[in-house]
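K.L.:
Okay, handing you the structure first.
The values are calculated or read from the model by the stated rules, or taken from the named source; none is laboratory data. Since the structure is predicted, the reported quantities are computational estimates derived from the model, not experimental observations. All Cβ positions, glycine included, derive from the backbone under ideal geometry; neighbour counts span all protein chains shown.
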Amino acid sequence: MDNDNVDPVDEDTAHGWEAIDEALGRLYPGVKPPHLGTLLPWSMGGKDPLDGISAYPRTEPVPHWHMVGYGLTELYTKESENAEESGWGFELTFRPVRRPDEETPPMWAAALMQNLARYVFTSGNRFAHGHRMNANGPIATDRRESVIRALAFVDDPELGAIDTPHGRVSFLQVVGLAQDEYEATDRWSTTGILDLLEPTAPLHVTDVDRASRMADPAFAAAVREGAEREGSATGSLFVGTASWERDGTGTLLRIGALQAPAVAQTLRGRLPFGHGLLLEADGSGVGFVPGEGFAVRDEGDGFLTVTVPPSALDGLTAALRPERGVTEVDGMPGLRLEVVPTVMRDEYGEETGEVVG
């Protein structure tokens, strides 16, 4: 990306882009922000899906950059058949802390936004308010010791959503989470954790140098109380592996080692409260639902439903550890759970050489 302070496009031919600029103009009247333009757009064979990112310097309520992406919606012409939404229906925003000596936005933040947009383009999965994602490493690549290693998504508290000539556009803000804060969302909810963080991170500003709030006993107690009161709000998880086979001897479930602990935590926060959990992977899925008796049902189209009795929950979650192996679960006769290694990949889908499990 290139730091460019000139107008990035011809507004006469980019009505979607112009609508975003108008929304930002209402929030920042008269401000001409630094603009990080993409040299080779995705549409021309480049690796950056966002055509650009504008970064507005802020001093209130805390110094930060308000970064807004252009590229997940239809900026130039209406191409999709969905008249209600423009493109994917949202643009990403991000608010990293602005240091006293910073005159330009941090490039790691722009790279993060491009990586997230690349995930949407390549996977077909869209983000929404309340979603979260494990980054499997520091979100700021130049701060290897940072504990901020996961992401949450929330409606941008100032931009909200707008109507454009090409359909509705929501502004979805990326928020950095510490690893243990992210794990707590499995037990409770993303929005619950973000609400607890907001007093020390107004407007959901991300400080990659902060410590985890889970080290604060009052914060941890509030999380525990919320989980005990409400259970987990996570009804589905996108995972790398969630496959199954059935034969005359029973059912074999396969789940990736990387996601296994998160699945276990979420099951503990869902099934005892009468709610199910769906694991979705490419072309297959497994749904766990609470019930009095164990049962397995083939739903067709690659999806399986497993009814988990209360007596089997502890055994099932204990088997979901990040170690390869096959476990027969007590109270679920004929069911074998196989945890398989997860091969780590970078933002371009290339294997990194790291394996979990």
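K.L.:
Does segment 264-274 include one or more residues that are surrounded by fewer than 20 Cβ atoms within 10 Å (Cβ to Cβ) and assigned to a strand (DSSP E or B)?
P.N.:
No, segment 264-274 contains no residue that is surrounded by fewer than 20 Cβ atoms within 10 Å (Cβ to Cβ) and assigned to a strand (DSSP E or B).
K.L.:
Among (1) part of a loop (DSSP other than H, G, I, E, B); (2) touching a residue at least 60 places away in the same chain (Cβ under 8 Å); (3) in contact with a helix residue (DSSP H, G or I) (Cβ under 7 Å, 6 or more places away or on another chain), where does Ile162 come up short?
P.N.:
(1)
K.L.:
Checking Ala262 against (1) over 19 Å from Thr190 (Cβ atoms); (2) in contact with a Leu (Cβ under 8 Å, 6 or more places away or on another chain), which single condition isn't satisfied?
P.N.:
With respect to (1) over 19 Å from Thr190 (Cβ atoms); (2) in contact with a Leu (Cβ under 8 Å, 6 or more places away or on another chain), Ala262 is out only on (1).
K.L.:
Same structure again: Taking the residues in segment 227-262 that are of a type in the set (Ser, Thr, Tyr) and not in a loop (DSSP other than H, G, I, E, B) as candidates, determine which candidate is surrounded by the fewest Cβ atoms within 10 Å (Cβ to Cβ). Break it down stepwise before answering.
P.N.:
Step one: list which residues in segment 227-262 are of a type in the set (Ser, Thr, Tyr), which gives 232, 234, 236, 241, 243, 249, 251.
Restricting the remaining residues to those that are not in a loop (DSSP other than H, G, I, E, B) gives 236, 243, 251.
Values: Ser236: 13, Ser243: 20, Thr251: 18.
Restricting to residues being of a type in the set (Ser, Thr, Tyr) and not in a loop (DSSP other than H, G, I, E, B), the top hit is Ser236.
K.L.:
Could you tell me which numbered condition Lys78 fails, if it satisfies all but one of (1) under 24 Å from Ala55 (Cα atoms); (2) at pLDDT below 95; (3) buried (at least 16 other Cβ atoms within 10 Å of the Cβ)?
P.N.:
(1)
K.L.:
When only residues in segment 123-149 that are outside any loop (DSSP other than H, G, I, E, B) and of a type in the set (D, E, K, R) count, which is surrounded by the most Cβ atoms within 10 Å (Cβ to Cβ)? Give the derivation first.
P.N.:
At the first step, the residues of segment 123-149 found to be outside any loop (DSSP other than H, G, I, E, B) are 123, 132-134, 148-149.
When the remaining residues are screened for being of a type in the set (D, E, K, R), the result is 132, 149.
Details: Arg132: 23, Arg149: 21.
Here the residue is Arg132.
K.L.:
Can you name the residue in segment 12-36 that is among the charged types (D, E, K, R) and part of a helix (DSSP H, G or I) and, of all such residues, is farthest from Asp48 (Cα to Cα)?
P.N.:
Of everything passing the filter in segment 12-36, Arg26 is farthest from Asp48 (Cα to Cα).
K.L.:
Ok, one more. Hey, any hits in segment 38-59 for a residue that's modelled with pLDDT of 95 or more, aliphatic (A, V, I, L, M) and assigned to a strand (DSSP E or B)?
P.N.:
yes
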